[in-house]
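Engineer: The structure under discussion is supplied below as structure tokens; questions concerning it will follow.
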Amino acid sequence: MSRKLLVAPVHLIDRKTVGEARRVLASAFPDFEVTPVEGPYIPEIEAYDGIRGQWRADAVAYGLAMWARRTHGCRDRCMVLGVSPDDGYVPGLNFVFGIALPLAGSAVIFTYRLRTSSLERYLERVRKEVLHEVGHLLGLGHCRVRKCVMSFSNSVFEVDLKTDKFCAACAARLKRLGVEVGQDHLL
Ligand SMILES: [Zn+2]
Ligand SMILES: [Zn+2]
């Protein structure tokens, strides 16, 4: 039985961004059953910090996992990626582009800070952050290879420096975890 990866809209995210997330996942992880689901998932208002104007990333991701379980029966061998239009943070960081909770089987990308006047540049950033968070979800840590999609990004500048590909070491690690990476996403 193949692993299932649900792609869920969060709040009023546009279809184009969600579609891009679904496409890059299907291409990078050919053995996964990548399934778009209806939504949107609306995070609990408690996850919103009105003073910062930001969402607590871990609370959103945890709520998403519960929602996917309840609404879409996402349990064994099922994971969920949420695509949010919002700005996320965790305590200690001004913002995060995404978060992954491997134990809960969920990850979320926050696209607010990825936006720019170039649609192509924006979608490229979306692809990188989607693969980065799902990489974490599958068990990868951060990578020192600058071009590897698993390298840590503290700014959109750093997002632009990396690629949407896994380096040989990260791909080998995924392979040991039983995950095959598609050709177009190998460095
Ligand atoms: Zn990371
Ligand atoms: Zn790497």
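Engineer: Only one of L103, L25, L5 is touching a Ser or Thr at 6+ places or on another chain (Cβ under 8 Å) and under 30 Å from L187 (Cβ atoms); which?
Structural biologist: Numbers: L103 fails: touching a Ser or Thr at 6+ places or on another chain (Cβ under 8 Å); L25 fails: touching a Ser or Thr at 6+ places or on another chain (Cβ under 8 Å).
Answer to the check: L5.
Engineer: Using the structure shown, decide if L186 is more than 9 Å from ligand 2 (Cβ to nearest atom) and touching a strand residue (DSSP E or B) at 6+ places or on another chain (Cβ under 7 Å).
Structural biologist: So L186 fits the description; yes.
Engineer: Separate question: Does segment 166-183 hold any residues that are within 11 Å of ligand 2 (Cβ to nearest atom), over 24 Å from A104 (Cβ atoms) and either out of contact with any strand residue (DSSP E or B) (no Cβ under 6 Å at 6 or more places or on another chain) or in contact (Cβ under 8 Å) with a residue 40 or more places away in the chain (or both), and which are they?
Structural biologist: C167, A168, A169, A172
Engineer: May I pose another question? Out of all the residues in segment 41-57, is one or more away from ligand 2 (no atom under 16 Å from the Cβ), in a strand (DSSP E or B), touching a helix residue (DSSP H, G or I) at 6+ places or on another chain (Cβ under 6 Å) and more than 15 Å from A21 (Cβ to Cβ)? Give the derivation first.
Structural biologist: At the first step, the residues of segment 41-57 found to be away from ligand 2 (no atom under 16 Å from the Cβ) are 41-57.
Pick out the ones that are also in a strand (DSSP E or B) and you get 41, 48-49, 54-56.
Remaining after also requiring touching a helix residue (DSSP H, G or I) at 6+ places or on another chain (Cβ under 6 Å): 41, 55-56.
Now narrow it down to the ones that are more than 15 Å from A21 (Cβ to Cβ): 55-56.
Yes, the conditions are met somewhere in segment 41-57.
Engineer: Name the residue, out of E129, E158, E124, E180, that is closer than 20 Å to K4 by Cα and surrounded by fewer than 22 Cβ atoms within 10 Å (Cβ to Cβ). Working first, answer last.
Structural biologist: Details: E129 fails: surrounded by fewer than 22 Cβ atoms within 10 Å (Cβ to Cβ); E158 fails: closer than 20 Å to K4 by Cα; E124 fails: closer than 20 Å to K4 by Cα.
From the options E129, E158, E124, E180, the qualifying one is E180.
Engineer: Within segment 104-113, is even one residue aliphatic (A, V, I, L, M), buried (at least 20 other Cβ atoms within 10 Å of the Cβ) and within 16 Å of ligand 2 (Cβ to nearest atom)? Spell out how you get there, then give the answer.
Structural biologist: Within segment 104-113, the subset aliphatic (A, V, I, L, M) is 104, 107-109.
Still in the running and buried (at least 20 other Cβ atoms within 10 Å of the Cβ): 107-109.
Pick out the ones that are also within 16 Å of ligand 2 (Cβ to nearest atom) and you get none.
Among the residues of segment 104-113, not one is aliphatic (A, V, I, L, M), buried (at least 20 other Cβ atoms within 10 Å of the Cβ) and within 16 Å of ligand 2 (Cβ to nearest atom), which makes the answer no.
Engineer: Quick one: in segment 1-32, which of the residues that are hydrophobic (A, V, I, L, M, F, W, C) and in a loop (DSSP other than H, G, I, E, B) is surrounded by the fewest Cβ atoms within 10 Å (Cβ to Cβ)? Step through it out loud before you land on a result.
Structural biologist: Taking segment 1-32 and keeping what is hydrophobic (A, V, I, L, M, F, W, C), we get 1, 5-8, 10, 12-13, 18, 21, 24-26, 28-29, 32.
Filter once more, keeping what is in a loop (DSSP other than H, G, I, E, B): 1, 12-13, 29, 32.
On the way: M1: 6, L12: 10, I13: 21, F29: 22, F32: 19.
This residue is M1.
Engineer: Oh, and also: Which numbered condition in (1) more than 13 Å from A28 (Cβ to Cβ); (2) touching a helix residue (DSSP H, G or I) at 6+ places or on another chain (Cβ under 7 Å); (3) within 16 Å of ligand 1 (Cβ to nearest atom); (4) assigned to a helix (DSSP H, G or I) is the only one that V130 fails?
Structural biologist: With respect to (1) more than 13 Å from A28 (Cβ to Cβ); (2) touching a helix residue (DSSP H, G or I) at 6+ places or on another chain (Cβ under 7 Å); (3) within 16 Å of ligand 1 (Cβ to nearest atom); (4) assigned to a helix (DSSP H, G or I), V130 is out only on (1).
Engineer: When only residues in segment 140-152 that are closer than 14 Å to A100 by Cβ and open to solvent by less than 40 Å² (accessible area, probe 1.4 Å) count, which is farthest from ligand 2 (Cβ to nearest atom)? First the steps, then the outcome.
Structural biologist: Keep residues of segment 140-152 that are closer than 14 Å to A100 by Cβ, which gives 140-142, 149-150, 152.
Filter once more, so that each one left must be open to solvent by less than 40 Å² (accessible area, probe 1.4 Å): 140-141, 149-150.
Values: L140: 8, G141: 9, V149: 7, M150: 4 Å.
Restricting to residues being closer than 14 Å to A100 by Cβ and open to solvent by less than 40 Å² (accessible area, probe 1.4 Å), the top hit is G141.
The values are calculated or read from the model by the stated rules, or taken from the named source; none is laboratory data. Because the structure is a prediction, the values reported are computed rather than measured. Note that each Cβ is placed from the backbone with ideal geometry, even for glycine, and that neighbours are counted across all protein chains shown. For the accessible areas, the whole protein counts, side chains as well, though only heavy atoms, and no ligand, DNA or RNA atoms are used. Shrake-Rupley method; radii C 1.70, N 1.55, O 1.52, S 1.80 Å.
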